[in-house]
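Visitor: Encoded as structure tokens, here's the structure I'll be asking about.
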Amino acid sequence: MSSVLSRLKTLGDRDLSATVSSNSLALTELANFGIIGTIGTLAVDPVQGLVAVGTDKGRVYILGQANVEFSFNISSYQPIKEIRFVGSNLIVVDNARNMLVFDMLAKELLYQHTIPGNYAVIEADPSLDWLFIGMESGQVLVYDLDRGNMAPLRIDNLQKAKFPKLRLSPVVSLELHPCEVSMLLVGYRDCAVTFSIVSNSPVKYFVYELPAGAPGGELDIKNTRAKKRSPQLSQALWHPNGHHILTVHCDGSLVFWDSYEAVLLHARTILDTFVNLPQSADNSLDGSQVRESFKKVTWNCLENPDETSLLILGGDVKRGSVSSVSVLDFDVTPHYSTTSYERAGQFYSTPKRQRTIPVSESLTAMSFINIPRSNPFYRGNHDPRAFLVLFETGEVELFSFPSGLPLSSSNLPSPLCWVESLLISISSAIFTRESFLGLMSSSIKNEQLFSGGLPAIHRGSNGYKSKNVMCAVGANGSVKIYDSTQFDTEYSSVLNVDVRGLTGKYNAEVEAASLSGMNGEMAVSTKNGEVILFKFGSNKLGAKRNPASKIPFITSIQDKIPSYVRSGFLPVSTVDIQKGSVSVIKNSDVGFVGIGYKNGTLAVVDRRGPAVIFLKDIGIASDTPSSTSRGLFKSSKKVPTNEFATAIEFAIMSVDDDSFSSLLMLVGTDRGNVHTYRIMPVSNGKFQVAFYSKMNAVGTSIESLMSINIDSGLSAAATIADMTNLAQGVLTIGYTVVMSKIEVAIVRPPKGKVAHRKLPASLASSGLAFGGQKKSTALVCVLDTAEVAVMRIPSLRISKELKIDHNIEPVYLRDSLVLSSGDIFLRTHRTSGVLLNIWGRGVPLDNTLPKCELFNPNREMPLRPTYSTVEWLKGSQVTSTEDLNRLIGGPNRVMSKRQMEEKRARERQQNLITRTTGNTGGNRTDSPWAAGNNNGGGIFSGWQETLNNIEQAGSDCFNSFDDTIKSTQTNVLKSAFKAKFF
């Protein structure tokens, strides 16, 4: 014992932060997470594989494959109202009528223009150089995207010209004909109009009038019997083949028209048909019901443009707080030339399939956008494989089309995962690099909806063999796992774990999660007090599942693993102690889970069973030293103290004057006490938890506990490797860092208090940082004053206070994390965060990392659809792009930049064709997209091959890692404890 005391005295005088100086500390920005602001609009480019997002903070994001992310702020910082992809340009319009043309190839602003007057809608085509602007005055203006100015063509208010006595209407809808570039469909409040740019005149007017007694979309027919009426129009759409038109009205009517003769084919609502005909009042519904207004309707088509369906948001009877979209699947449209008006109307009255897709039980859906497979035309509604729903809160949810099944957020770019659901809590865990690659390989196998862009090659590994991984809990019942540092560019995707439906209780909302990176385990707590245990592995289809568990408080849920899930974090069992809500949960790296409840109960679960091996009130359990779990389920006559656990740490170190180390569970409470428990083996391979000591460390509730090895200066948290050292008799002497909101203490249980000090401000987050150029150790405290205090160990003297130079909403600062590498994750807003490092050079992110490439000129856009044979035989006029340019821009307009580039591309292609087969040199280019070999793949071929190799290696590594853990955990624990106790 004297040798232990001598060693403790020697090590106790050691300054673990001796190499930490104020000159070595500076905050460097490493990465950004999420999206700043609330999303208001979205746009998709299926050719380039990109998605653009506009927020209410005036910020625009362009996202593609992993680590393809580019963002910029508009100068006005006004909310973004419209975004469109047009060729290599991105068109952005804000609420202040500012219009920006952004070049994605050069990543720079080309033009900025202020729209002359209040605008209502815009329309653009991916293959045209013109932007059509519908004004609130009813006019339609045209902007030249190639020249950066307004075109001479101006279309006056078409409704006013036809119906001068009607009140002035703005343009409420604007669409180009899907097959004829010179034909516009303009929607006003009282009519829709087809307009020919060639003749510069309206072609047909579409006016929806209901006779007296016709219900239209009204739910109470009694209110419709007085006189005829014309429900206001909210949207007008072309059929994908251009033969028919759909007008959408504010009363809930969907009206189908013949586009050539303006003949009404059929009028219906989502559920009712022939609503334009007078009906008996007996058919009236309850007048108390309310029909939701239409928010968006798209006319989708499959590979065959005649095979169509309607995707509708709104327009149905409200059903509480549930938001849903409706699908009317019409199948193949009858041939136009051989179909009468009556038969066409019958076709729209009897869809082949009709269904409602609920998208949220609590959020209000605002809009949605289709995600096409490859074709950008038909207004982005050609052969969609999914659709993304946007809610009023700015959150998004992804659904497959046409099935309507929810899709994992791992199909989306990482920043969008942050806005998929409001984040409730964030934690971190340490993985080995190999196991993390294997973990993420299960996510990468999901279909990536956006594969565009070329990621910038980051600076690579941070030099550590381990990785800090973040674990974020969402309000929708999902847990997202991803690399916090984003150093491995090929693995910045997100692994999504869906917890919904796994518990036995209704509406069990997820509250917190604790992740064990070394074991591939996770524990998730819900608001009703249940804890769900997960284990990473493969779903062995057809394998025999464990029968219903008869272990007290534990229920097996392996039968709830979906059959389509091949690998990932799979549910194992639920722990339901029925002691109320959970106050803290900790999944250790050595197979034990500590659970604290707000009523004072403390539970320990051995995952090797699983089994609950300790269950007592924390006040009663600490009354008598050496009390064990032998009387686990026996009631006690002692009165609980109402003290409850707020922090748990599993550590390996000695206590008191012991000459050996022990596996300890340290529990911090709301009264500032630290309870120490020993975990020891008993017969039959089981373990028991024994109370050892209790001491008061701080005067207020404990926020976190951190153990530190005072010999190495590294963490003393329990790991499998440390268990091996324990079996070999390695003595670990450690400190415990105790954090509260206003003070910090370093203690050595049961009685030793090494240091104590008040914090300069209230604590938001804290952690131990190991690293730097001189391998320093420091205590890092994030304060609610947006400052970072770096303290020395063990003296707790402040080496330096660093000011956080970021705009942070204080309410989210408490969700910050201090990682062991010296990285600090700051949650700056509701849907965004930033990663800093204290060992840096104080350099902003823009000056440290290269930029990604957005636009790939080698991805060719398909030809724009044109008229079918029927139109050719009918003599329909077909306008070429060149003709349209002269019609809008004037007869003297020279070729646009796009036309000149297309001409040069055709010339280059012709030169390649005429070359002899022996000459394979090809043209040289400086484009990063063309770099690489000559097998047609370029840089992407090498990239994909590397990614596949890493994925396979990571997956193989994790499989072997998983098998090793299973056989090692119990053996190490048994040998470790037998060496000391038996």
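Visitor: Could you give the accessible area per residue of region 239-318, probe 1.4 Å, as a whole number in Å²?
Guide: On a per-residue basis, 35 Å².
Visitor: Follow-up question, since we're still on this one. Go ahead and run the numbers for FRET between Asn304 and Asp805, Cβ-Cβ distance against an R0 of 56 Å, rounding to 0.05.
Guide: 0.50
Visitor: Which aspartates and glutamates have a Cα lying under 14 Å from the Cα of Lys851, excluding residues fewer than 8 positions away in the same chain?
Guide: Counting by Cα, and skipping residues close in sequence, Lys851 has these aspartates and glutamates nearby: Glu69, Glu108.
Visitor: Once label points are set 7 Å from the Cα along Cα→Cβ at both Ser22 and Asp883, what is their separation, rounded to one decimal in nm?
Guide: That separation, rounded to one decimal, is 7.7 nm.
Visitor: Accessible area of Tyr205, 1.4 Å probe, to the nearest 10 Å²?
Guide: 50 Å²
Visitor: What number comes out for accessible area per residue over region 39-114 if the probe is 1.4 Å? Units Å², please.
Guide: With all protein chains present, region 39-114 gives 31 Å² per residue.
Visitor: Mind checking the full-extension length gain between Gln354 and Ser403? Use 0.36 nm per residue of separation minus the Cα-Cα distance, one decimal, nm.
Guide: Values: separation 49, 0.36 × 49 = 17.64 nm, distance 1.13 nm.
Value of the extension gain: 16.5 nm.
Visitor: Return the FRET efficiency for the residue pair Asp15, Ser425: r is the Cβ-Cβ distance, R0 is 30 Å, and the value is rounded to the nearest 0.05.
Guide: 0.30
Visitor: What are the semi-axes of the equivalent ellipsoid of region 39-114, taken as the square roots of 5 times the eigenvalues of the Cα gyration tensor, listed largest first and rounded to whole Å? Write down the numbers at each step before the final one.
Guide: On the way: eigenvalues 69, 36, 23 Å².
Semi-axes from the Cα gyration tensor: 19, 13, 11 Å.
Visitor: What pairs from Lys586/Lys800; Lys775/Lys800; Lys579/Lys686; Lys758/Lys800; Lys318/Lys527; Lys560/Lys616 go past 20 Å between their alpha carbons?
Guide: Cα-Cα > 20 Å for Lys586/Lys800; Lys579/Lys686; Lys318/Lys527; Lys560/Lys616; rest within.
Visitor: When the Cα centres of region 85-101 and region 662-676 are compared, how far apart do they sit, in Å?
Guide: After rounding, the separation between the Cα centres reads 57 Å.
Visitor: For the residue pair Ala456 and Arg343, what label-to-label distance in nm results when each label sits 7 Å from Cα along the Cα-to-beta-carbon direction?
Guide: My value for the distance between the label points is 6.1 nm.
Visitor: Then there's this: Determine the share of region 39-114's accessible area contributed by carbon and sulfur atoms, expressed in whole percent, with a 1.4 angstrom probe.
Guide: Accessible surface attributable to carbon and sulfur in region 39-114 totals 41 percent.
Visitor: Return the distance in nm (one decimal) between the two label points of a simple spin-label model at Gln78 and Asp329, each offset 7 Å from Cα along Cα→Cβ.
Guide: About 4.3 nm separates the two model spin labels.
Visitor: Figure the gain on full extension for Lys686 and Glu136 (residue separation times 0.36 nm, minus the Cα-Cα span) and round it to one decimal in nm.
Guide: 190.4 nm
Visitor: Calculate, in nm to one decimal, what Phe163 and His756 gain on full extension: separation in residues at 0.36 nm each, minus their alpha carbon distance.
Guide: Fully extending the segment from Phe163 to His756 adds 205.2 nm.
Visitor: Taking 51 Å as R0, compute the FRET efficiency from the Cβ-Cβ separation of Glu361 and Ser712 and round it to 0.05.
Guide: 0.50
The values are calculated or read from the model by the stated rules, or taken from the named source; none is laboratory data. Model, not experiment: these values are computed from the prediction. FYI the Cβ positions are ideal-geometry reconstructions off the backbone, even for glycines, and counts take in every protein chain you see. Note: areas computed on protein heavy atoms with side chains; ligands, DNA, RNA excluded. Shrake-Rupley method; radii C 1.70, N 1.55, O 1.52, S 1.80 Å.
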